[in-house]
1. Within 10 Å of each candidate Cβ there may be at most 10 other Cβ atoms; applying that plus a DSSP loop requirement, which trypsin sites (Lys or Arg not before Pro) in the range 501-562 survive?
2. Considering only the other residues whose Cβ falls under 13 Å of the Cβ of L283, what net charge follows from Lys and Arg at +1 and Asp and Glu at -1?
3. Could you give the dipole magnitude of the chain about its Cα centre, charging the beta-carbon of Lys and Arg +1 and that of Asp and Glu -1, in debye to the nearest 20?
4. Projected onto the charge dipole of the chain (+1 at Lys/Arg Cβ, -1 at Asp/Glu Cβ, origin at the Cα centre), which of I411, P304, V560 gives the Cα projection farthest towards the positive end?
5. Under 8 Å for C-alpha pairs, at least 6 residues apart: give me the relative contact order for the chain, rounded to a whole percent.
6. Which of the aspartates and glutamates could be linked to K459 by a straight reach, that is with a Cα gap under 17 Å, when you skip same-chain ones fewer than 8 residues away?
7. So which GluC sites (Glu not before Pro) in the range 149-225 are both in a DSSP loop and have at most 15 other Cβ atoms within 10 Å of their Cβ?
8. Which entries of K200/K330; K287/K540; K483/K537 have Cα-Cα distances beyond 29 Å here?
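Rule-based calculations on the coordinates, nothing more; no lab input. Everything numeric here is computed off the predicted structure, so don't read it as measured data. A quick note on method: Cβ atoms are made from the backbone with ideal geometry, for glycine too, and the neighbour counts reach across all protein chains shown.
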Amino acid sequence: MKQSINRNILWTELFVSALERLGVKHACISPGSRNTPLTIAFQRSSKIKSYIHVDERSSGFFALGLANKTNKPVVIVTTSGTAVAELYPAIIEAYQQRVSLIVCTADRPLHLLNTGANQTINQIDIYNNHIHKYYSADLPGTNSKAFNHLLSITKNAFSESIKSNRPVHINFPFDKPFEPSRETDKIDKEFLKKVKNKFKSMSDPQPQNKIKASDIVFILRQIKNSKRRIILAGPLNIMNRKLNSLFQFAKKTNSLILADGLSGLRITKITSNNLIVNHPSFLRSVKVRKNLDPDLVIQIGSAPTSNSVLDFYADSKAIKIIINQFGELKDPSRTTDKIISAEYSKLLETLNNSIDKNFKHETDKEWLKIYSEIDKRSEEIKQKSFTKSLFPFEGKIISEVINLAPDSANIMVSNSLPVRDVDAFAGRSKKRINIFSNRGASGIDGIISTSSGIAVEDKNPTFLIIGDLAFYHDITGLLSLKKYSIPIVIILLNNSGGGIFELLPIAKEKIDFQNYFKTPLGVDFKNITKAFYGNYKIIKNWNEFSNELKKAAKRKSFSVLEIKIDSQKTLQIRKNIWNEIKQTAESLINGN
């Protein structure tokens, strides 16, 4: 017996049924005509929740945040043409950051390419420099060969995205008609039943990452041959912040942990005497770097945020080992001696089991003592500056956000100056907070949308620390906050443009610095916020900031707390803190 079908609708419903079976839970969909079959299939799904975004660029970053938070692939659906290109910034970030996305783009049939057909561009492998794998679904068919092809690319795309933690791209060409009521074919019912069962029977692949015995032997040998050991913890993906094995390894080997502000290691309930947090400030001194040079550096996570720490790594004469799951070189200086492909927590667990009471290794205790004392004194200088600092100063604002945020809250930190201030000024805190930042390609676009994806299904408060330029770049992201009632708290640090450029040598040149680099916006953020029905408050003192932050965290809609900053004044505060830390650190090295 035959059943009437629309081949486009059947094609996409089979695809979605397979994704359901594989455990996909979320899709971000932008409206369009050519992607109608995909949109209908996801809309009909009872197992995949869809979020609708009219702006594809915002949709891509929303999906990025959601995938990062849930550690599961998120599907993105868009129509053909320039809509496809709008996703590219988010795809680049996901590729660099290693976040799983399944990008589904609708397309015109191949025979319409280069004919002047409306909304038709060459979408074949359009993201090729920043996509893990590309697949063409081909025009929908109704025979076994066509269905097997769709089944194969669905399974492979999901598997590759999971194994690589990177985006994959499936291009879906469709010919009219798209609507379910418009039948295109008749197909045998028994055959169709077998096809559907095949798509619903796929299994979720499990990535494998084995520990090599030779890597364990190599690291143990380096520990034995060294006296000054450092674990350099760069920015870490939230799902990779498995801390117990790391702190245990540091204790067993008398290693210091230099924790990046984006590593999440500074904000933990675990107490450790091995933890160093102010190194981005005191390693600005060449003398300190030279005198405290270690014998062994083991790096986990991405490359460090601050230039001072990158310089320390580049200049160090130590044996340098990088550990990450995919064996990537996270070292701009290219001075690393060995890269080990392994999940660092599993590798450290194995090492911990190998290090017993009979394991002999020496430690330069005086070096440990000086390093820890410099870190302690640096913290005292920083806190003293915070206490006496007039409102506002970004370093203290960041410290206050961390102190006031409740346990299990999320803090998203925008690129440009905020991430550097977090690295320089965030101290220890005995709570569990999830720190996020788009440090893959480190752009300032899509920050609000990323935060929305992080917060949308989390009952814990989410705070976003962002500058005025990054806020302006992603105004359309506010629509998701309104549409889905996402109650994030946006701390808007308005320093009238690109304040980070004032830290760079270009600021001292005799040029039109204001117009060509700092680029002040002069826009009304209050009215922008109100246009999306958000709560807005201009903050004028520390007490007001504390009170309004607490209030905003309890609201059921998003809030913008704008703080207007004199970038020249706060630049001087930074320099004063860094100079005092430098002088103190160099004095301690001299024995004073």
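1. On the way: sites: K508, K510, K518, K526, K530, K537, K540, K550, K551, K554, R555, K556; in loops: K510, K540, R555, K556.
Those that pass, being in a loop and sparsely packed, are K510, K556.
2. Working: positive: R284, K287, R289, K290, K582; negative: D260, D293, D311, D315, D375, D423, E586.
My count for the surroundings of L283 gives -2.
3. Working: 86 positive and 56 negative charges, 335 e Å.
Approximately 1600 debye in magnitude.
4. Highest projection toward the positive end goes to I411.
5. Details: 1184 pairs, mean separation 80.5, N = 592.
Relative contact order for the chain comes out at 14 percent.
6. Partners within reach: D407.
7. Details: sites: E160, E183, E190; in loops: E183.
Those satisfying the criteria are E183.
8. Working: K200/K330 40 Å; K287/K540 40 Å; K483/K537 21 Å.
Going by Cα-Cα distance, K200/K330; K287/K540 fall outside the 29 Å limit.
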